[in-house]
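For reference, the structure is listed below as structure tokens.
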Amino acid sequence: KADQERFGFQAEVTQLLNLMANSLYSNKEIFLRELISNASDAIDRLRFERFSQQRAEENAEKPWIRVGYDKDAKTIIVADNGIGMSRDEVVKNIGTIAKSGTKEFLKGLSGDERADANLIGEFGVGFYSAFVVAERVVLTTRRAGLPAEEAVRWESDGAGEFTLGPAERAEPGTTIVLHLREGEDDLLNGFRLRSIVQRYSDHIGVPILMPSDDGEGESAVNEASALWRRPKSELTEKDYHDYYRHITGDFSEPLIHLHAKVEGRYDYTLLLFVPSHAPYDLWAREFRRKVRLHVQRVFIMEDDGQLLPDYLRFVTGIIDSSDLPLNVSREILQSSLAVEHIRASAAKKVLKLLKDLADKEPEKYAVFWKEFGTVLKEGVAEDYSNREEITELLRFTSTHSSTENADVSFRDYIGRMKEGQDKIYYLLAPSFAAATASPHLEAFREKGVEVLLLSEAVDNWVVGGLVQEIDGHRLQSVAQGAPPDFGDSEDEDGKKAIEEATEAHADLTAKLKELLDGKAWDVRVTNRLTTSPACIIAAEPDTDFNLVQRLRGTGLP
Ligand code: ADP
Ligand code: MG
């Protein structure tokens, strides 16, 4: 047709569509979940737009999502009365992958079905899952606020191109028609579709309407209320997991969740999740925190650092405040007392949740620590008000177990301290292997004194942040300051031995000092070593040698 315009998919989309057909086939029903999830997002966004423009009363039609099918035409239809899309928005949102990191994402696809399904969901490319079951997809959409004649029709067979043309749609919103592939007729069945919707989309806060089987009337298939506002006693683990999947796209179960209604000076509801694995982009500069802020159930925005501190950026979920204005802006958020209060109290709640997990389910906590421990460690330097709570959550590798699993807490360490030992000893090193091979450990090994082995870059800031005593014990680097003094009788003998050795080797140390003039402060005889001849020690007030190396970007030999 003359008014149709052809477009090519972005190369990445074509690549993705090919990969997806294979990766998702055994999970093909999830196309419905993805389309419903988009419909629900579109409704959230429309509500928010109306609220923020204070047009709440205007066109106040109740939101709905409709799922239907046509046996003869072999189609499934998913429609919503959400925000819709303008022509430009269709081109931008459907046909390209707008998100950054697409290339890395595609590289990450492994051909392993489970792993890939995870990635696809997380990356937010759900719309394309329609092509797993459909040979042709027709999307008609009208942006709220634009006239009926400006509706758009998008059509594609998912093979590299799509067409765009004008359309009419009586109301704003989006309708998606899937022309099913040969062999997908089993989906043309009311009972089957209803059960898929119930299984994957029960938590959606908007009614999902389906025609009744006799063709007379229609009814909602889902519960259709904001999940977090429902009493805990009504909710099952599965409800929480489904909801988690809805907001994250992560197929795996969350490690743990926190659902609480907080009342006091400010009232708010929290539904937060800790994922069971780190998202692929956790360390990306533009990593997007996924805590959604709602005000009186209306979705307002995704947190960009106001709702939870950075070191808890792995937490995802919903915070629903009753105290903020609906037309809240980023600027208001930044200066809002309610937000400040929520932020402080939510962080405390998350730390408490983690503490309980560590106490009651150490295996799960070990998973948490492996995935997110490095991020949490930033909190030692970042969050002074919760330093004690964070300190209790830290886990390290140590000479006690000598495995690379970081499973030693300060409490464990202190419980194993030797008679007369009053300091917590640690060694900073560029890697675990370098730490275990370090000559600095020799004397400690001989005495049976445990040393924490800190080999992550962030550990430098951790020990820098832990200035106060932990249960009355100061942290002490084994590579800094005076030789260890364990306060036992052997030490008395040891001291004498050092004095004697110092005298005996006075010529040697003087010669070395001369050779190292301007490079070393001092050369001393020490009891730090048992088999190695010499080691480098930083003076106490100086920066640890390992950190100096890190800052120079050289790393230790
Ligand atoms: P995601 O939902 O993670 O953004 P999708 O591939 O599922 O990724 O959808 C891509 C984009 O297409 C959405 O972000 C949205 O802008 C647009 N979109 C999809 N479905 C709809 C819809 N029913 N109404 C309005 N916009 C939609
Ligand atoms: Mg989506």
- Query: Would the range 503-517 turn up any residue that is surrounded by 11 or more Cβ atoms within 10 Å (Cβ to Cβ), basic (K, R) and at pLDDT 80 or above?
  - Reply: yes
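Could you please let me know if S276 is part of a strand (DSSP E or B) and either within 27 Å of K62 (Cα to Cα) or modelled with pLDDT of 90 or more (or both)? Talk me through it step by step, then tell me what you get.
Numbers: part of a strand (DSSP E or B): no; either within 27 Å of K62 (Cα to Cα) or modelled with pLDDT of 90 or more (or both): yes.
So S276 fails the test.
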- Item | Complete set of residues in the range 319-344 that are in a helix (DSSP H, G or I), surrounded by 14 or more Cβ atoms within 10 Å (Cβ to Cβ) and not small (G, A, S) | L333, V339, E340, H341, I342, R343
- Item | Neighbours by Cβ (under 9 Å, 6+ apart or cross-chain): first from the range 505-530, of a type in the set (F, W, Y); second modelled with pLDDT under 85 and in a loop (DSSP other than H, G, I, E, B) | W521/A539; W521/D542
- Task: Could you please find all residues in the range 30-56 being near ligand 1 (Cβ under 10 Å from one of its atoms) and of a type outside the set (G, A, S)?
- Result: E34, L35, I36, N38, D41, I43, R45, L46
- Are any of the residues in the range 126-139 more than 16 Å from ligand 1 (Cβ to nearest atom), more than 30 Å from A278 (Cβ to Cβ), touching a residue at least 12 places away in the same chain (Cβ under 8 Å) and of a type outside the set (F, W, Y)? yes
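The rows are residues; the columns are (1) farther than 21 Å from I30 by Cα; (2) in contact with a Leu (Cβ under 9 Å, 6 or more places away or on another chain).
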{"position": "I196", "(1), (2)": "no, yes"}
{"position": "V206", "(1), (2)": "no, no"}
{"position": "W228", "(1), (2)": "yes, yes"}
{"position": "D250", "(1), (2)": "no, no"}
{"position": "L270", "(1), (2)": "yes, yes"}
{"position": "V291", "(1), (2)": "yes, yes"}
- Message: If I filter the range 403-434 down to residues being basic (K, R) and under 24 Å from L529 (Cβ atoms), which single residue comes out as farthest from the chain's Cα centre (by Cα)?
- Response: K418
- Query: Taking interchain pairs and intrachain pairs at least six residues apart, which have beta carbon atoms under 8 angstrom, with the first residue in the range 161-174 and closer than 14 Å to R66 by Cβ and in contact (Cβ under 8 Å) with a residue 24 or more places away in the chain and the second away from ligand 1 (no atom under 16 Å from the Cβ) and outside any loop (DSSP other than H, G, I, E, B)?
  - Reply: R169/A148
- Identify, from the list G183, G215, the residue that is modelled with pLDDT of 90 or more and at positive phi. G183
- Query: Looking at the range 223-252, which of the residues that are in contact with a Ser or Thr (Cβ under 6 Å, 6 or more places away or on another chain) and away from ligand 2 (no atom under 16 Å from the Cβ) is nearest to P362 (Cα to Cα)?
  - Reply: S252
- Task: Answer with yes or no whether S321 is touching a Phe, Trp or Tyr at 6+ places or on another chain (Cβ under 8 Å), within 25 Å of D242 (Cβ to Cβ) and not basic (K, R).
- Result: yes
- Item | Filtered residue count, the range 435-449, keeping only those that are within 36 Å of the chain's Cα centre (by Cα) and on the phi > 0 side of the Ramachandran plot | 0
- Item | Boolean, L307 is crowded, with 18+ Cβ neighbours inside 10 Å and over 26 Å from F31 (Cα atoms) | yes
- Query: For the range 222-267, what are the residues that are farther than 20 Å from R297 by Cβ, assigned to a loop (DSSP other than H, G, I, E, B) and among the hydrophobic types (A, V, I, L, M, F, W, C)?
  - Reply: F251, L255
- Considering S233, S252, S276, which residue is touching a Phe, Trp or Tyr at 6+ places or on another chain (Cβ under 9 Å), more than 16 Å from ligand 1 (Cβ to nearest atom) and of a type in the set (G, A, S)? S276
- Query: Where in the range 400-480 are there strands (runs of 3 or more DSSP E), lying wholly inside it, with at least 2 residues that are in contact with a helix residue (DSSP H, G or I) (Cβ under 6 Å, 6 or more places away or on another chain)?
  - Reply: 423-428
- Listed residues N27, N81; which is more than 8 Å from ligand 1 (Cβ to nearest atom), in contact with a Gly (Cβ under 6 Å, 6 or more places away or on another chain) and not aromatic (F, W, Y)? N81
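The values are calculated or read from the model by the stated rules, or taken from the named source; none is laboratory data. As the structure is a prediction and not an experimental result, all values here were calculated from the model. Using ideal geometry, Cβ is built from the backbone for each residue, glycine included, and neighbour counts are taken over all protein chains shown.
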